[in-house]
Amino acid sequence: MNKAFKITALSMLAAAAVLTAACSKTQTDNSAHITHLYGTTYNDGELIVTNDAKLSFLQYSDMETIIMCNQINCEHINYTTDEGLPCLAYGKENLPFLSGEKLYWLINLTETQNGKPVDYMELHSSDPFGTLEKTICRIDGLSCDWTTESCIKNNTLMFFPYESVYDENGAKTDEMIYHFGVLDISSGKFTDFGATEDNQTALLGMYDNKLYFNNSVYDMASGEIAENKLVHDAVSVRMTEKYYAYNTENSVEIITPDKEENIILRGEKISYDCMIVGDLLFQKDENNWYYYDLSADDPVKKNINYKTGVYAQVVAEYEDSFILNVLDPDTRTVVKEKAAKSDILGV
């Protein structure tokens, strides 16, 4: 059995007790989480900014979507209720993420100093559903680009804020200079590592407590940046906290601290559809969808017969199920679907 969920469909659940319970597991999750334009995956669901800039949470347990607002009498269709109160699901589209028992997001602001515009951003926090909001810190001279990826782990946000460029008349141009920055969300301490090489913002992922981006690697333990001497072409690399997989001339090579020797998948190439979820590397070719169990002594290719002929991609796991992105052939939209692991793996 499987249960489908369309990203455009929104369920309106009003009970605050239900809302709090939905994020209880997320609150204690200390893994690294990569924020994407379409949402951020946690161990029990996804934090999603909808097309109309509304913050929601897709909970994997029942594939229902919770609007991140518990304002009384709020229908979550406008920025304000009929009583003039704010809908707490709006205004949080800049890199929202969950950490501990709180929701965090960034806000871009501009003020005038000595007759000139000065950009800055603020980190805000609240409970998961928008109440008890407060400002954590202010970061001068930089703004947050909600389209870039970032990573949050252990109260540390690693991201790519940008510096706006103004012309001689004080007007903002379209040019932006991207920086790499690290923000301790508990203390508000921000470290600016300066402009990125060639203005790039390619975040590859987190492996072995190190964040890989562009051709650099940030070590969370030392707080230092070094050159990434491994393959770091974003198209040719997939990684999780446990695996670093990359293309070589005739194979996919995978580094993991669990094995003394690298895993070699001969005759393979990381494709656009390739994903590593848990210990499984999922891959597609022109005709088949298949996987490798990277925890095996000698991983072998195993075909998948689920939804033959339909585009599907495993993006997460939850208990005894996988969460998939499935392309609806009729509407040409992506559908979220939960399927039993046994149906996917055939075991």
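Points to keep in mind about this one:
- Selection count where residues are more than 20 Å from the chain's Cα centre (by Cα) and either buried (at least 17 other Cβ atoms within 10 Å of the Cβ) or not in a loop (DSSP other than H, G, I, E, B) (or both), scope segment 131-151: 8
- Residue match in segment 298-310 (condition: buried (at least 19 other Cβ atoms within 10 Å of the Cβ), among the polar types (S, T, N, Q), on the phi < 0 side of the Ramachandran plot and outside any loop (DSSP other than H, G, I, E, B)): no
- Selection of strands (runs of 3 or more DSSP E) fully inside segment 171-239 by the criterion of at least 3 residues being within 27 Å of residue 119 (Cα to Cα) returns 172-184, 190-195.
- Residue that is surrounded by the most Cβ atoms within 10 Å (Cβ to Cβ), among those in segment 93-124 that are under 26 Å from the mean Cα position of the chain (by Cα) and part of a loop (DSSP other than H, G, I, E, B): 95
- Note on segment 80-92: among residues that are farther than 13 Å from residue 130 by Cα and of a type outside the set (S, T, N, Q), the one that is surrounded by the fewest Cβ atoms within 10 Å (Cβ to Cβ) is 84.
- Verdict on residue 270 being touching a Phe, Trp or Tyr at 6+ places or on another chain (Cβ under 6 Å), among the aliphatic types (A, V, I, L, M) and either more than 17 Å from residue 325 (Cβ to Cβ) or crowded, with 16+ Cβ neighbours inside 10 Å (or both): no
- Picking from residues in segment 165-185 that are hydroxyl-bearing (Ser, Thr, Tyr) and at pLDDT below 95, the one that is surrounded by the fewest Cβ atoms within 10 Å (Cβ to Cβ) is 173.
- Residue within segment 154-167 that is over 29 Å from residue 102 (Cβ atoms) and not β-branched (Val, Ile, Thr) present: yes
The values are calculated or read from the model by the stated rules, or taken from the named source; none is laboratory data. All of these numbers come straight from a predicted model, not from anything done at the bench. Cβ atoms come from the backbone with ideal geometry, glycine included; neighbour counts cover every protein chain shown.
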